[in-house]
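Notes follow once the structure below has been shown.
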Amino acid sequence: MIENHLSLLLVVLPLLAAPIAAVLPNGRLPWAVSTLVSWSVVYLAAWQLMNVSTGQVISYELGGWAPPWGIEYRIDAANALVALIVSGIAALTLPYALKSVIKEIPQQQHALLYAAFMLCLTGLLGIAQTGDIFNLFVFLEISSLSSYALISLGKKRQALTAAYQYLIMGTIGATFFIIGVGLLYAMTGTLNMADLAQRLPELYEHRTIHTAFAFIMVGFALKLALFPLHVWLPNAYTYAPTVVTIFLAATATKVAVYVMLRMVFTVFSFTFIENTPADELFLLLCVMGILGMSFYAIYQKDSKRLLAYSSVAQIGYMMLGIGLGSVLGATATLVHLFNHALMKGALFMAIGALVYRVGSSRLEHLPGLGKQMPWTFAAIVIGGLSLIGVPGTAGFISKWYLVLAAIEKQNWLIVGVILIGSLLAVAYVWKIIEVLYFKATDELEHKYVTVKEAPLLMLIPMWVLVLANVYFGFNTELTVGTAEQAVKLLIPSAN
Amino acid sequence: MDMILGHYNYWMVIIIMMAGFYTVISRGNLVKKIVGLNIFQVSVFLLYISIGNVKGGATPIIETGVDLYSNPLPHVLILTAIVVGVATTALGLALVVRIKEAYGTIEEDDIHNQDQSL
């Protein structure tokens, strides 16, 4: 019974949890409900991934209406992997959230925060699950609207302007996307992605299809913060409450990258993209994003903002895989999508623990804390190594596949950029580590002598992610294995 | 001539779309930006409604003797998008109210200056 409705339950459970959390009295109850739901969702997502990991496709018809008329949830290995990342990160962020939220957000807003969090989770899971392009837009807006509200809960007033800026740019992005969808519908008469993929090839020469493609790509480039459309991201990540930053950094942009993969490889096909300037443009923007944003990260004075710029650079790596347009490239994108969620989740959790203890994420307020909070410091070191791509961490695996994909295309420039990008990552990760451990002054050391290690409830989720970074650096069966399976379905011509 | 008159509604969509988009980009007043965003979205509503029209098609209500109907689906779709648009506007305006409380102004330049001077 549950197995048949698995795909829908993943979306419906958090959707139902949201109003429940909102009406519960402020305190621990809303948190408990959200955590419980997020843990059941992660269980369902893992179950779903097991069902599709050998290459089957689950097709779920909403309300019993047969596709292409009804909405279809079409789950293959790619969807299932993304759903697992989103729900996994949510399930780890929520236990972490309890203490952090109490510290950062006034108590009368707690219930609403968890409600918005659940809505955001609903939206992101919905995007991952759905096979209907208009349904995707609806879920996109559910997740976006709730994330605007979540960001605006930040303590400083800049959180409000950051949320406003994100709202304007996010809405433009989403509106571009529906313009594209409308044009596709006008040409093909269908909104089902699988159906679109079948009907589009005969229309490839048509100018309307090219316009639709351009609108969809620009719309989602805004959502996933592809350089130079990333302007909203650093502010949003810096001023949002820690918990929100962790969750959004590890999931929201990743889900947008997944949609990009789906659009580029399934709905349109790479043969179509090759006849447009899009693939070269992606590569160019990614190269500029990786180099430019990594440089920018080095000069940041706030650790959260530093990691935010690093995120924009990392999104460049993910889009590189799409721009290269090969089986290896798409595999690298999916693997990096997974691994980057792990490392950014771990790093933002560690920074959040520092914020929890000293109330600031600015580097000038952090010197010497590494000695007071050894576990948090160790998490930053390992997370940082993974971000750089040192062998033995998850980051190495994804960079390895990216380099392989670039070599396969004989694109030595890209290989060089990936390597230089990693060197720049060494610089900005070192900047945090230096401040935390080596820059302690007597005055600050005296001030911080009473600072204790972060509470256990924050350390455990953080270290689960840190250990996952190491584990997936050695065992690549889940990441690479699933990604390869997913790409087979994503790119039908690859078989 | 047919190109212009025959596609009158589509030309309007483009003009409204650009007017809205330009307002969002060029205005410094946060409320005016939201007004621009609304105009921008309205153009998309019009686009969808225009797509649904079938030449010579009747209103999509089943009736004997009529066999060519306009397509009602885009209209239903855009109903969803209108709801999303309303929610976005409400949230955007709520943010503007909070920004006004926090900064005492809703002009982008003033807000930027206040943040810089910190």
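Okay, residues lined up against (1) basic (K, R); (2) assigned to a helix (DSSP H, G or I); (3) buried (at least 24 other Cβ atoms within 10 Å of the Cβ); (4) in contact with a strand residue (DSSP E or B) (Cβ under 8 Å, 6 or more places away or on another chain):
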{"residue": "A:V12", "(1), (2), (3), (4)": "no, yes, no, no"}
{"residue": "A:P25", "(1), (2), (3), (4)": "no, no, no, no"}
{"residue": "A:S38", "(1), (2), (3), (4)": "no, yes, yes, no"}
{"residue": "A:V42", "(1), (2), (3), (4)": "no, yes, no, no"}
{"residue": "A:W47", "(1), (2), (3), (4)": "no, yes, no, no"}
{"residue": "A:N51", "(1), (2), (3), (4)": "no, yes, no, yes"}
{"residue": "A:G70", "(1), (2), (3), (4)": "no, no, no, yes"}
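I need a count of the residues in segment B:96-110 that are part of a helix (DSSP H, G or I) and free of Cβ contacts under 8 Å to residues at least 40 places away in the same chain. Qualifying residue count for the region: 7. Taken over segment A:322-367, residues that are in a helix (DSSP H, G or I) and in contact with a strand residue (DSSP E or B) (Cβ under 8 Å, 6 or more places away or on another chain) amount to 1. Within segment A:282-317, the residues that satisfy the criterion of being buried (at least 24 other Cβ atoms within 10 Å of the Cβ) and over 28 Å from A:L436 (Cβ atoms) are A:F282, A:C286.
Listed by first and then second residue, the pairs linking a residue in segment A:349-367 that is more than 22 Å from A:I460 (Cα to Cα) to a residue that is buried (at least 18 other Cβ atoms within 10 Å of the Cβ) and modelled with pLDDT under 80, with Cβ atoms under 6 Å apart and 6 or more places separating them unless they lie on different chains, are A:P367/A:A440. Of the residues that sit in segment A:104-145 and are among the polar types (S, T, N, Q) and farther than 28 Å from A:M217 by Cα, which one is farthest from the other protein chains (Cβ to nearest Cβ)? Per the stated criteria, the residue is A:Q107. For the criterion of being more than 22 Å from the chain's Cα centre (by Cα) and in contact (Cβ under 8 Å) with a residue 12 or more places away in the chain, A:V417 passes.
For segment A:174-183, the condition holds for no residue, the condition being that it is over 19 Å from B:V44 (Cα atoms) and within 23 Å of the chain's Cα centre (by Cα). Is it the case, given these coordinates, that B:V86 is surrounded by fewer than 16 Cβ atoms within 10 Å (Cβ to Cβ), modelled with pLDDT of 90 or more and among the β-branched types (V, I, T)? In short, yes. Of all residues in segment B:1-34, those satisfying the criterion of being touching a residue at least 12 places away in the same chain (Cβ under 8 Å) and of a type in the set (F, W, Y) are B:Y10, B:F21, B:Y22. On the basis of being within 9 Å of another protein chain (Cβ to nearest Cβ) and of a type outside the set (K, R), does B:V35 make the cut? Judged against the criteria, B:V35 is not a match.
When restricted to residues that are facing chain A (nearest Cβ under 7 Å) and farther than 18 Å from A:T161 by Cβ, segment B:75-107 contains 5.
In segment A:427-439 there is no residue that is within 22 Å of the chain's Cα centre (by Cα), surrounded by fewer than 23 Cβ atoms within 10 Å (Cβ to Cβ) and among the β-branched types (V, I, T). On the given criteria, is A:Q314 within 26 Å of A:V287 (Cβ to Cβ), outside any helix (DSSP H, G or I) and of a type in the set (S, T, N, Q)? Spelling it out, it is not the case that A:Q314 is within 26 Å of A:V287 (Cβ to Cβ), outside any helix (DSSP H, G or I) and of a type in the set (S, T, N, Q). In the condition set (1) facing another protein chain (nearest Cβ under 9 Å); (2) under 21 Å from the mean Cα position of the chain (by Cα), A:G189 is compliant with all but (2). Among the numbered conditions (1) touching a His at 6+ places or on another chain (Cβ under 8 Å); (2) at pLDDT 90 or above, the only one that A:G126 does not meet is (1). Residues in segment B:60-81 that are hydroxyl-bearing (S, T, Y) and surrounded by 12 or more Cβ atoms within 10 Å (Cβ to Cβ): B:Y69, B:S70, B:T80. Scanning segment A:390-405 for any residue that is among the hydroxyl-bearing types (S, T, Y), crowded, with 24+ Cβ neighbours inside 10 Å and under 21 Å from A:Y437 (Cβ atoms) turns up at least one such residue. In this entry, B:V35 is excluded by the filter for residues that are in a helix (DSSP H, G or I) and over 29 Å from B:I99 (Cα atoms). Taking segment B:20-30, which residues are surrounded by 14 or more Cβ atoms within 10 Å (Cβ to Cβ), assigned to a helix (DSSP H, G or I) and more than 8 Å from chain A (Cβ to nearest Cβ)? Once the filter is applied, which keeps residues that are surrounded by 14 or more Cβ atoms within 10 Å (Cβ to Cβ), assigned to a helix (DSSP H, G or I) and more than 8 Å from chain A (Cβ to nearest Cβ), segment B:20-30 yields B:G20, B:T23. Taken as a whole, the condition of being among the small types (G, A, S), away from every other protein chain (no Cβ under 13 Å), touching a strand residue (DSSP E or B) at 6+ places or on another chain (Cβ under 6 Å) and more than 20 Å from A:Q165 (Cα to Cα) does not apply to B:G65.
When the criteria are applied in full, A:L467 fails the requirement of being over 26 Å from A:L363 (Cβ atoms), touching a helix residue (DSSP H, G or I) at 6+ places or on another chain (Cβ under 8 Å) and in a helix (DSSP H, G or I).
Scanning for something under 22 Å from A:I151 (Cβ atoms), in a helix (DSSP H, G or I), within 9 Å of another protein chain (Cβ to nearest Cβ) and touching a helix residue (DSSP H, G or I) at 6+ places or on another chain (Cβ under 8 Å), does segment B:6-17 turn up at least one residue? No, there is no match, as no residue in segment B:6-17 is under 22 Å from A:I151 (Cβ atoms), in a helix (DSSP H, G or I), within 9 Å of another protein chain (Cβ to nearest Cβ) and touching a helix residue (DSSP H, G or I) at 6+ places or on another chain (Cβ under 8 Å). I'd like to check something: does segment A:71-94 contain any residue that is in contact (Cβ under 8 Å) with a residue 60 or more places away in the chain, of a type outside the set (D, E), touching a Gly at 6+ places or on another chain (Cβ under 9 Å) and within 14 Å of chain B (Cβ to nearest Cβ)? Within segment A:71-94 (the criterion being in contact (Cβ under 8 Å) with a residue 60 or more places away in the chain, of a type outside the set (D, E), touching a Gly at 6+ places or on another chain (Cβ under 9 Å) and within 14 Å of chain B (Cβ to nearest Cβ)), the answer is yes, since at least one residue qualifies. Does A:L150 satisfy the criteria of being assigned to a helix (DSSP H, G or I), more than 9 Å from chain B (Cβ to nearest Cβ) and either modelled with pLDDT under 95 or surrounded by fewer than 24 Cβ atoms within 10 Å (Cβ to Cβ) (or both)? Yes; evaluated as a whole, the condition is true for this residue.
The values are calculated or read from the model by the stated rules, or taken from the named source; none is laboratory data. Values in this document were obtained by computation on a predicted structure and should not be read as measured data. Because the Cβ atoms are built from the backbone with ideal geometry, glycine has one as well, and the counts that use them run over all protein chains shown.
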